[in-house]
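Heads up: the structure comes next, in structure tokens.
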Amino acid sequence: MSVGTIAPSDDPAASLRHCAAVTRREAGNFYWGIRLLPRPKFEALCAIYAFAREIDDIGDGTLDDATKLAELARARTAIEQLDGGTPGPVLTALAHVERSFPLPRQSFVDLIDGVQMDLAGTHYETFDELVVYCRRVAGSIGRLCLAVFGAPDAKAASLADDLGVAMQLTNILRDVREDALNGRVYLPAEDLRRFAWPAEGEGDSAAIAARSPAAPGPLAELVHFEAARNREWFARGRQLLGLLDRRSAACVLAMSSIYARLLELIDARPERILEGRVRLSTGAKAGIAARSLLTRP
């Protein structure tokens, strides 16, 4: 899907409504947090999400790699020329949002670079290598959100980046089987070897995709290890809450709590990740959002 080519529109209000509709439809977890924000901030984060969705769709789509790279290059140019009247509701909405919030354009470029990393392969030898990827595809979103929340100091930016990494690490655990079926393995190779999962000598993605949920074995040890490290990133990133206004803090608490709850479900029964995507019910997410609004950081 080409960036900026969906129902071209010069109307900011219509463009913002388009982005809100995309976010409501596609952002099963993200939406429950941002709906707690005042309308201008809600609309701003919908525009950011809608752009990220288009970039993800390029990376995960059926186009050949050369075409994907061309589309990502086009997206970079579109961000660089955001105030130049590029058509399309998502870019129109972002240009409108940028007039009110200091969106760091480099974070959009980081996101695009992260998606491009997927086209070069998804083998990460070490956790530190994986963190580079997570900072690009998710830390970038944390930094963009922070620009909307209104706490742009260096400490807050670092914590927002860390919280983005924490949520991406949860995504990686949740989507182990789905990614493997698509030939992708994000878990660090050093961790897979440490816990001998899948069995030594088996090809990573094919072996993971073929694993049986009935016999977790070393998988449980691997998941417990990854979950423990993931919690450390959540704990560090959540220090951001005390630097935000009440509604923004509630938004961040809701989003991070939904992901943290997914992590606990996975850690409690590791074989879940071989059965299909772990999800929270709508009621569970609504409850987390409501409690977040009532909680003071």
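A few points about this structure:
- Tally, over region 110-130, of residues that are in a helix (DSSP H, G or I) and in contact with a helix residue (DSSP H, G or I) (Cβ under 6 Å, 6 or more places away or on another chain): 10
- All conditions in (1) more than 19 Å from GLY33 (Cβ to Cβ); (2) in contact with a Ser or Thr (Cβ under 7 Å, 6 or more places away or on another chain) hold for LEU144, with the sole exception of (1).
- GLY183 small (Gly, Ala, Ser), under 23 Å from LEU130 (Cα atoms), in the same structural domain as VAL132 (by TED's automatic domain parsing) and modelled with pLDDT under 95: yes
- If you go through region 262-289 and keep only what is among the charged types (D, E, K, R) and within 19 Å of CYS251 (Cα to Cα), you end up with just LYS285.
- Among helices (runs of 4 or more DSSP H) entirely within region 14-106, having at least 2 residues that are of a type in the set (A, V, I, L, M) singles out 39-60, 65-80, 89-98.
- Counted residues, region 80-114 - those being crowded, with 22+ Cβ neighbours inside 10 Å and within 30 Å of VAL185 (Cβ to Cβ): 5
- Pair list, Cβ < 8 Å and 6+ apart or interchain, from region 276-297 residues that are polar (S, T, N, Q) to residues that are in a helix (DSSP H, G or I): SER292/GLY33; SER292/ALA250; SER292/CYS251; SER292/LEU253; SER292/ALA254; SER292/SER257; THR295/ALA250; THR295/LEU253
- Condition check for ALA138: within 17 Å of ALA52 (Cα to Cα), outside any loop (DSSP other than H, G, I, E, B) and over 14 Å from the mean Cα position of the chain (by Cα): no
- Hits in region 106-123 - residues which are at pLDDT below 95 and in contact with a Leu (Cβ under 9 Å, 6 or more places away or on another chain): LEU119
- Out of VAL131, VAL115, VAL185, VAL137, one residue alone is touching a Lys or Arg at 6+ places or on another chain (Cβ under 9 Å), in contact (Cβ under 8 Å) with a residue 24 or more places away in the chain and β-branched (Val, Ile, Thr). It is VAL115.
- Residue match in region 279-286 (condition: assigned by TED's automatic domain parsing to the domain that holds ARG231, charged (D, E, K, R) and closer than 21 Å to ALA147 by Cα): no
- Scanning region 91-148 for residues that are more than 19 Å from ASP179 (Cα to Cα), assigned by TED's automatic domain parsing to the domain that holds ALA166 and of a type in the set (Val, Ile, Thr) turns up ILE141, VAL148.
- Just one of (1) touching a residue at least 60 places away in the same chain (Cβ under 8 Å); (2) within 23 Å of ASP175 (Cα to Cα); (3) surrounded by 16 or more Cβ atoms within 10 Å (Cβ to Cβ) fails for ARG53. It is (1).
Yes/no matrix, rows are residues, columns are (1) modelled with pLDDT under 90; (2) among the small types (Gly, Ala, Ser):
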residue: CYS134; (1), (2): no, no
residue: ALA156; (1), (2): no, yes
residue: ASP161; (1), (2): no, no
residue: ILE172; (1), (2): no, no
residue: ALA189; (1), (2): no, yes
residue: TRP197; (1), (2): yes, no
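- Criterion: surrounded by fewer than 19 Cβ atoms within 10 Å (Cβ to Cβ) and at pLDDT 95 or above - qualifying residue of THR62, THR67: THR67
The values are calculated or read from the model by the stated rules, or taken from the named source; none is laboratory data. All values reported here derive from a predicted model rather than from experimental measurement. Virtual Cβ from ideal backbone geometry, glycine too; neighbours counted across all protein chains shown.
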